[in-house]
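Please read the structure below before turning to the comments.
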Amino acid sequence: MPLSTAEPEVLTTIAAAPDPPTGPPQFESWGRYPKYNAKVVPLNWQGDFPAVLAGSHDSALPVGLGRSYGDVCLLKDGTLLETTGMNRLIDFDSETGILTAEAGISLAQILDFAVSRGFFLPVTPGTKYVTLGGAIANDIHGKNHEVAGSFGNHVPCFELVRSDGSRRLCSRTENPDWYAATIGGMGLTGLITWAQLRLRPIVSRGIDYEGIQFHGIDEFLDLKHRYSQAEYSVSWLDCVSTGKNFARGIFMLGEHSRVPGELKPSPEPRLVFPFDAPAFALNRTTVSLFNTVFFHKQGKAHVKAIHDYEPFFYPLDAVLHWNRMYGKRGLVQFQYAIPWEHAKEGTIAILREIAKSGLASFLAVLKAFGDIPSLGMMSFPQPGIMLALDFPIKPGVTFPLLERLGSMTLEYGGRLYPAKDAAMTAAQFQTFYPEWRRFARFRDPMLTSSFWERVTDSTGAKPTL
Amino acid sequence: MNTLATPPLDASPATNPTAPDRSKLTKKILVLGATSGIAEATCRIWAAQGAQLFLVARNPEKLAAVAADLKTRGAAYVGTAVADLDDTDKHAELLSHAINSLTGMDIAYLAYGILGDQPRAEQDFEHAAQILHTNFVAPVSLLTWLANFCVQRHAGVLAVLSSVAGERGRKSNYLYGSSKAGLTAFLAGLRNRVDREGVTVLTIKPGPVNTAMTAHMNIRKADVNKVAATIVKAIDAKRDNLYVPFKWQPIMFVVRNIPDRIFKKLNL
């Protein structure tokens with residue numbers, strides 16, 4: 001009797017994978033722009049990489065849940081290594097709060113495990129549907145940047161595997177240069193197989209919340225100084241209104257509640273945005289209406305309440321596929337960090353430019369970045385003001401505006417965020433991130449992204465180790 | 001040929017006195033093929049309930065990764081053995097070791113199988129025989145031993161992953177399908193024999209589920225975590241048969257009842 005495999009085998013080489021189907025791409029970024037065809041190959045086990053690339057000459061890119069907006073998680077005609085099957089826990093130390101897990105685990109899966117044990121993420125973005133590896137690779141930040149720094153500051157160590165099969169344990173003391181290159185390294189330095197994350201204790205799901213209306217950037221800055229001790233702070237901004245309502249917004253503060261409460265896990269989201277909305281759904285009128293309702297929703301200028309952490313951190317996660325609201329053409333994000341020196345004048349000038357363009361940003365988020373330095377050589381955060389906006393893609397309008405905003409950001413000494421970008425030029429990128437040439441030496445020769453090709457192309461300089 | 005007689009259970013389990021207390025209140029579960037996608041998702045639910053698990057799989061690295069995950073998620077005990085379950089001669093030794101390690105067994109979960117390569121199996125008998133061996137012959141050996149163990153104790157659940165593909169042979173995968181049809185028929189007979197002894201036999205028939213086994217199939221697939229949650233509930237309820245997702249029950253009723261003079265012309 002032939003004796004052989006007793007378990008289903010993962011496809012071990014991509015040669016065995018089918019050709020990508022024609023039609024819509026299998027893997028889209030959250031902005032759904034640009035759209036590129038690529039082969040998608042799952043990595044389910046730590047040992048799958050680099051074996052899965054054997055015999056392939058295609059470039060590859062490790063990806064997670066595709067929540068970055070532009071092309072940083074895309075690779076035209078290449079191979080996307082989908083890491084979400086690599087989502088196992090490895091160890092949890094309830095004394096120190098240090099969780100060790102495979103890099104494809106999502107922050108949602110970490111919360112499902114951690115919250116009932118009295119722990120929470122040290123830094124969280126506005127969605128919990130990102131992977132641990134993706135959070136490191138984009139060195140993401142959250143509403144607590146001023147007190148906690150960015151995500152990488154809470155990652156004591158991780159393992160990096162290169163396409164030549166070499167494995168490196170990376171921390172501040174071991175392979176520190178690889179550690180710095182991989183935090184914020186956009187997945188280009190190798191595959192992060194597992195990582196440690198230092199969780200923080202909580203006693204309740206509740207967030208002590210305060211919402212304060214403001215009018216204009218001066219009032220925003222006053223609030224920022226008055227509440228500089230706050231754990232979480234972020235502002236929603238109306239960037240459609242002009243005149244007396246110019247740059248009005250709501251300054252939102254939060255602290256983990258200190259009153260012990262039930263630490264039950266979150267329910268699964270029930271709502272799914274069911275179809276691609278027509279292109280005209282988000283226009284100046286509908287967004288302006290939404291903004292007025294949102295601004296006045298809290299009834300008075302200053303409210304205090306206790307909210308569950310889900311609506312506080314992840315209001316949009318309640319509706320799966322909310323990006324369909326922007327229609328088939330998709331959306332683009334624009335996110336800058338401008339240093340304090342020019343933060344105020346730069347922000348006002350950019351907001352005026354946007355209001356003038358007539359293009360409506362549905363979601364606008366304003367926040368201050370603190371002084372805690374990020375550990376990655378390509379990390380985005382720097383002390384100053386951060387503004388994030390999204391725009392529907394309107395032919396002939398959106399990209400010319402983004403070009404103007406990009407130059408203005410440059411002029412005011414700021415930088416744009418690769419994880420949110422689909423438009424910055426090579427020249428802009430290379431000025432925003434002067435370390436990029438040093439970083440390029442750490443890139444894995446088999447790995448690249450459409451973003452990287454785009455922002456390094458004009459010089460033709462793509463050195464590898 | 002190995003004997004299918006059940007050896008006596010080691011009455012004095014060799015436990016480490018410093019090991020944590022393994023309460024008899026949590027389920028003791030033997031998982032065969034613990035690194036398969038459906039098995040792993042099911043085990044995560046059991047681990048969160050504090051179950052005691054013994055995991056068997058062929059690949060040591062994958063088995064160690066799954067074991068560490070389940071331990072971290074709260075399993076009260078995780079034992080492992082690396083084994084090629086095709087090797088029927090080693091079954092008796094493996095199963096008695098597993099049950100001794102668990103100090104008993106409430107549930108045996110057989111969750112492995114291979115899809116095989118249908119076009120190859122049409123030309124290459126060795127490959128056809130391999131599919132039948134892995135999916136049917138070897139499980140018969142395991143389940144016979146386990147059923148005899150459960151009958152002695154008048155307790156236990158044998159939960160086995162078969163497939164909707166076993167309901168009717170189709171040209172696209174009839175070797176896989178016939179191996180699962182054999183397994184389903186075997187389980188029906190086994191249930192008929194051991195139910196009166198207090199032993200439950202659950203035949204699980206999943207449709208396509210989103211796991212590594214089906215990664216190459218470009219079709220609509222069920223979410224593995226939902227499938228796993230349904231399986232855990234069916235085991236707790238001591239059900240006989242489970243189609244998962246449920247829609248496959250009416251679909252397969254129709255598929256079974258299409259006359260052959262029509263069925264043979266279809267491209268299924």
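Each value in this text was obtained by applying a stated rule to the coordinates, not by laboratory testing. What you are looking at is a predicted structure, and each value in this text was computed from that prediction instead of being measured. Don't worry about glycine lacking a Cβ; one is built from the backbone with ideal geometry, like all the others, and counts go over all protein chains shown.
Over region B:128-268, how many percent of alpha carbon pairs lie in each 5 Å bin up to the one with the longest distance?
Going out from 0 Å in 5 Å bins, region B:128-268 shows 2, 9, 17, 21, 20, 16, 9, 4, 1, 0 percent.
Please give, to one decimal in nm, the separation of the simple spin-label points placed at B:Lys221 and A:Glu435, each 7 Å out from Cα toward the Cβ.
3.8 nm
Using only DSSP helix segments of four residues or longer, with each worth -39500 (n - 2.57), what per-residue ellipticity at 222 nm results for chain B after dividing by its residue count and rounding to 500?
Counting only the DSSP helices, I get -13000 deg cm²/dmol.
How far, in nm, would the chain grow between A:Glu403 and A:Ser94 when pulled straight, counting 0.36 nm per residue and subtracting the alpha carbon separation?
Answer, rounded to one decimal: 106.4 nm.
Within a 10 angstrom radius of the beta carbon, how do B:Asp89, B:Asp106, A:Asp238 rank from fewest other beta carbons to most?
In order of increasing Cβ crowding within 10 Å: B:Asp89, B:Asp106, A:Asp238.
Once Rh for region A:86-201 is found with the Kirkwood sum over Cα pairs, what is the Stokes-Einstein diffusion coefficient at 4 °C and 1.567 mPa s, in µm²/s?
Diffusion coefficient, whole number: 93 µm²/s.
In the P(r) worked out for the protein assembly as shown, what percent of Cα pairs fall beyond 40 Å?
When all Cα pairs of the protein assembly as shown are counted, 39 percent exceed 40 Å.
Rounded to whole Å and ordered largest first, report the semi-axes of the equivalent ellipsoid of chain B derived from its Cα gyration tensor (root of 5λ).
So the three semi-axes of chain B are 32, 20, 18 Å.
Need the list of aspartates and glutamates near B:Lys90 for cross-linking: C-alpha distance under 20 angstrom, and skip anything on the same chain fewer than eight residues off.
Partners found: A:Glu7, B:Asp10.
Could you give me the ³J(HN,Hα) list for region B:201-209, computed from phi with Karplus coefficients 6.51, -1.76, 1.60 and θ = phi - 60°, whole Hz, x at Gly and Pro?
Calculated HN-Hα couplings, in order: 10, 10, 9, 9, 10, x, x, x, 10 Hz.
For chain A, build the charge dipole from Cβ charges (+1 Lys, Arg; -1 Asp, Glu) around the Cα centre, then report which of A:Leu61, A:Trp322, A:Ser257 sits farthest towards its positive end.
A:Trp322
Order of A:Leu61, B:Leu143 from fewest to most other C-beta atoms within 10 Å?
B:Leu143, A:Leu61
Can you classify region B:52-183 as rounded, prolate or oblate using the Cα gyration tensor, where a ≥ b ≥ c are the square roots of its eigenvalues, rounded means a/c under 1.5, and otherwise it's prolate if a/b beats b/c and oblate if not?
Prolate shape, in that a/c is at least 1.5 and a/b is the bigger ratio.
Given the pairs A:Lys344/A:Lys394; B:Lys71/B:Lys226; A:Lys264/B:Lys238; A:Lys356/A:Lys420; B:Lys62/B:Lys233; B:Lys238/B:Lys265, which are separated by over 31 angstrom at their Cα positions?
Listed pairs above 31 Å: B:Lys238/B:Lys265.
What is the distance in Å between the Cα centres of region B:171-198 and region A:295-325?
52 Å
Rank these for me by crowding, A:Arg258, A:Arg248, going from fewest to most other beta carbons within 10 Å.
A:Arg258, A:Arg248
Roughly how many whole Å is it from the C-alpha centroid of region A:147-221 to that of region B:29-47?
31 Å
Suppose each label sits 7 Å from its Cα in the direction of the beta carbon; what would the A:Ser166-A:Phe273 distance come out to in nanometres?
The answer from the label model is 4.4 nm.
Putting +1 on Lys and Arg Cβ atoms and -1 on Asp and Glu Cβ atoms, find which of A:Ile183, A:Leu160, A:Thr242 reaches farthest to the positive end of the dipole of region A:157-272.
After comparing all options, I get A:Leu160.
Pick from B:Asn148, B:Asn210, B:Asn257: which residue has the top mean-square fluctuation in a GNM of chain B where Cα pairs under 10 Å get a spring?
Among B:Asn148, B:Asn210, B:Asn257, the largest mean-square fluctuation in the Gaussian network model of chain B belongs to B:Asn257.
Treating only the Cβ of Lys, Arg, Asp and Glu as charged (+1, +1, -1, -1), what charge dipole size does region A:32-108 show about its Cα centre? Round to the nearest 20 debye.
Computed about the Cα centre, the dipole is about 460 debye.
Under 14 Å Cα-Cα from B:Lys171, which aspartates and glutamates qualify once same-chain neighbours fewer than 8 residues away are excluded?
B:Asp117, B:Glu122, B:Asp260
On a straight-distance basis, which aspartates and glutamates could pair with A:Lys224 in a cross-link, Cα separation under 19 angstrom, same-chain partners fewer than 8 positions away excluded?
A:Glu146, A:Asp208, A:Glu210, A:Asp238, A:Glu255, A:Glu341, A:Glu345, A:Asp371
So how many Å³ per residue does the convex hull of the Cα atoms of region B:113-157 work out to?
54 Å³
Over all directions, how big on average is the projection of the convex hull of the alpha-carbon atoms in region A:18-152, in square nanometres?
9.2 nm²
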